[in-house]
Amino acid sequence: MVQDKTIVLGVTGSIAACKAVEIASKLTQEGARVDVVMTKAAQEFVTPLTFRSVTLRPVVTEMFDLASEFSIEHVALAEQADLVVIAPATANIIAKLAGGIADDMLTCTVLATEAAVIVAPAMNVNMYQNQVAQENIAKLKARGFTFVGPAYGRLASGAWGLGRLAEIEEILGTIRQVLGRDGDLAGRRIVISAGGTQEPIDPVRHIGNRSSGKMGYALAEAARDRGAEVVLVSAPSTLAPPVGVKVVQVQTTLQMRDAVIDAAAEADALLMAAAPADYGPATTVESKIKKEVETLTIELVRTPDILGEVKGDFIRVGFAAESENLIENAKEKLKRKNLDLIVANDITASDSGFGADTNRVILIDRSGNVESPPLLPKLEVAHKVLDKVVELLQR
Ligand code: CTP
């Protein structure tokens, strides 16, 4: 999403200006051209040299700097930008933008650009909650600006409240989402399930499995970055919910079935990356089971097969985690579950499958076409799967 894009990063006078260095660095590492524009106040907190060192680009600090490649044409940056991000954004810059003031390079750029603008406020809680600040934010939102944060936490004054710069990952997620708005899944609703469900035995124990949810979360992020509206039905997971994705938290297979059926009603595609427990205790004991007997037998009953039950006019993608006969088992599941595509992976490999950050999968479609991409990070595997989904949707 970010590769080869020109991103103008406006930095204004807040202690959080130091965090903008990480934003500039990460975007540059992902292949973006990052042009940092600093206000005078921002330069009191961080030097232009810091940004120059991470972006390997000149930093714009002056409107009338004859040495700058942008100063002759003061709207050049505005025209070249694919996206403008202001992080951190003070109450002052927000007020100026709401009022259409253009008295420095950053305000000129925002006023003149046709690119999307993301604003990540950072300020004292009272300033943020001040009516005039709220009115300015509402005005900019109504004009199509995207706001991310602020977060609740400890502020520069030592007080606690709403006003901290949003987490860097949240800002980066918003950037990817906004850049991907017109992607090949724009206007599509994609439902994704992730993680291993848990079937309670008693209030402290459950039956679970080793699924981490990483593949499903990567799919949700990738689909969001290609413009889709994403619903992620997630079993308990330690992963952070992806920005811009609607997350429905569930615990059991039964709950996952209900949430998936509900979300799939208007879906264009359903991707079942979750590992729903196939069996759960016949009954859940209300109080903690005490260690009173030598052997304990728990009767297990079958849970519903979600893909077997969910019906509708959408692309159906299943996953097959197998320890033997990978392709035969996957093909059998593709047929049995009436799938358009199955993503098979061998869970016995240590660099692939449960908990790993990489995955080696085999994609098999209804017509029997088989694709075997190499070992890749799960986010890249997600894009390979979505390439197939896009192809199937176009058919
Ligand atoms: N699946 C499902 N409902 C279940 C179990 C699995 O919808 N109760 C989905 C999974 O999300 C996956 C696909 O079915 O997309 C295959 O899951 P898998 O566990 O490999 O297959 P099972 O049908 O459970 O068969 P088995 O465990 O016997 O291999």
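In the chain, which whole DSSP H runs stretch at least 18 Å along their own axis (Cα) and average -1.0 or higher on the Kyte-Doolittle scale?
Qualifying helices, which must be both long enough and hydrophobic enough, are 378-394.
Which aspartates and glutamates does LYS384 reach when only Cα atoms under 16 Å apart count, and residues fewer than 8 places away in its own chain are ignored?
ASP184, GLU221, ASP225, ASP340, ASP357, ASP365, GLU371
Give a quick list of trypsin sites (Lys or Arg not before Pro) in the stretch 198-263 that DSSP marks as loop, anything other than H, G, I, E or B, with at most 14 other Cβ atoms within 10 Å. Provide the component values of the computation, followed by the final result.
Numbers: sites: ARG205, ARG210, LYS214, ARG224, ARG226, LYS246, ARG257; in loops: ARG210, ARG226.
Here the sparse-neighbourhood loop sites are ARG210.
Which number do you get for Rg(Cα) / (2.2 N^0.38 Å) in the chain?
Against the empirical 2.2 N^0.38 Å value, I get 1.16 for the chain.
Can you sort ILE175, ILE298 from fewest to most other Cβ atoms within 10 Å of each residue's own Cβ?
The fewest-first ordering by Cβ neighbours comes to ILE298, ILE175.
Relative contact order of the stretch 189-394: what whole-number percent is it, with Cα pairs under 8 angstrom and at least 6 residues apart?
Relative contact order for the stretch 189-394 comes out at 21 percent.
What percentages make up the Cα-Cα pair-distance distribution of the stretch 6-179 when the bins are 5 Å wide from 0?
P(r) over the stretch 6-179, rounded to whole percents: 1, 9, 19, 24, 23, 15, 7, 2, 0.
I'd like to compare 363-372, 105-114, 233-242: which one has the highest average count of other Cβ atoms within 10 Å, and what's the full order after that?
Top to bottom by mean Cβ count within 10 Å: 105-114, 233-242, 363-372.
With a cap of 12 neighbouring Cβ atoms within 10 Å, and only residues DSSP puts in a loop, list the chymotrypsin sites (Phe, Trp or Tyr not before Pro) found in the stretch 120-186.
When the chymotrypsin sites (Phe, Trp or Tyr not before Pro) of the stretch 120-186 are filtered for loop state and at most 12 Cβ neighbours within 10 Å, nothing remains.
Roughly speaking, what is the centre-to-centre gap between the stretch 209-281 and the stretch 346-360 when only Cα atoms are used, to the nearest Å?
Their Cα centres are 19 Å away from one another.
Need one number: % antiparallel among DSSP beta bridges in the chain, to the nearest 5.
30
Could you work out [θ]222 nm for the chain from helices alone, using -39500 (n - 2.57) per DSSP H run of at least four and dividing by all its residues? Round to the nearest 500 deg cm²/dmol.
Result for the chain, helices only: -9500 deg cm²/dmol.
Run the reach check for LYS141 against aspartates and glutamates, Cα to Cα strictly under 17 Å, same-chain hits fewer than 8 apart removed. What comes back?
Straight-line reach from LYS141, under 17 Å: GLU114.
Using DSSP to define loop residues, name the GluC sites (Glu not before Pro) in the stretch 314-347 whose beta-carbon has at most 10 other beta-carbon atoms within 10 Å.
For GluC sites (Glu not before Pro) across the stretch 314-347 that sit outside H, G, I, E and B with at most 10 neighbouring Cβ atoms in 10 Å, the list reads GLU324.
For the stretch 317-333 and the stretch 144-175, compute the distance between their C-alpha centroids and round to whole Å.
44
Between ALA159, SER234, ALA87, whose Cα lies farthest towards the positive end of the dipole of the chain when Lys and Arg beta carbons carry +1 and Asp and Glu beta carbons carry -1, centred on the Cα centre?
Selected residue: ALA159.
Laboratory data are not the source of any read-out in this text; all were calculated from the coordinates shown. Treat the numbers as computed from the prediction; the structure is a model and nothing was measured. Heads up, the Cβs are rebuilt from the backbone with ideal geometry, glycines too, and the neighbour counts pull from every protein chain shown.
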